[in-house]
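Student: Structure in structure tokens, see below.
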Amino acid sequence: MKIQVTVEGVRAVRRAMRELDRRAGGEIGRAVAQSADAIRDRAKVLVPVGTHDEHHHPRGQLRDAITSEMVGQLWGRAGVPQESPAAAYAPIVEFGDRGRNKPAQPYLWPAAEAERPQHRRRVAAAIVRSIRMVARGAR
């Protein structure tokens, strides 16, 4: 049996991926969620833990605020939610603040970059499994 798929344009690719994921029971979405969780976990290890007493933030508040979540069917996110008390200083830690003489101490970007190769392999494998499942009529 030969399966042929023709997709033109980014929107069509996204639509096709969502449909494939839906028909395969969320296989690709689970891979994306696993990557977001891995980035969250690595960022929690990398984030500096200081006293932050000048802003009245308890020690470890930024580390504890780092979360991961799925945003839609195939998009994951790791970071500090806007509603968190740590959201105000999370970018200052990541990127620094020259006006306050605070050097950058990146934790989220390095975590995401370290996960990039595993994420690509994980999602590619999930796509292959999904195609096979749908081709066999497993769902």
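The values are calculated or read from the model by the stated rules, or taken from the named source; none is laboratory data. Just so you know, these numbers come straight off a predicted model, no measurement behind them. As a convention, Cβ positions derive from the backbone with ideal geometry for all residues, glycine included, and neighbour counts pool all protein chains shown. We work out accessible area using only protein heavy atoms, side chains counted, and drop any ligands, DNA or RNA first. Shrake-Rupley method; radii C 1.70, N 1.55, O 1.52, S 1.80 Å.
Student: How many residues does the range 5-17 contain that are open to solvent by 100 Å² or more (accessible area, probe 1.4 Å) and modelled with pLDDT of 70 or more?
Tutor: Here is the first cut: in the range 5-17, the ones open to solvent by 100 Å² or more (accessible area, probe 1.4 Å) are 5-6, 8, 11, 14-15.
Then drop every residue that is not modelled with pLDDT of 70 or more, which leaves 6, 8, 11, 14-15.
Residues that pass the stated criteria total 5.
Student: Restricting the range 100-137 to residues that are open to solvent by 60 Å² or more (accessible area, probe 1.4 Å) and among the hydrophobic types (A, V, I, L, M, F, W, C), which is nearest to G76 (Cα to Cα)?
Tutor: W109
Student: Give the number of residues within the range 64-80 that are open to solvent by 40 Å² or more (accessible area, probe 1.4 Å) and farther than 24 Å from R18 by Cβ.
Tutor: 1
Student: Restrict the check to the range 78-93 and report whether at least one residue is acidic (D, E), in contact (Cβ under 8 Å) with a residue 12 or more places away in the chain and out of contact with any Gly (no Cβ under 6 Å at 6 or more places or on another chain).
Tutor: no
Student: Are any of the residues in the range 48-63 at pLDDT 95 or above and open to solvent by less than 40 Å² (accessible area, probe 1.4 Å)?
Tutor: no
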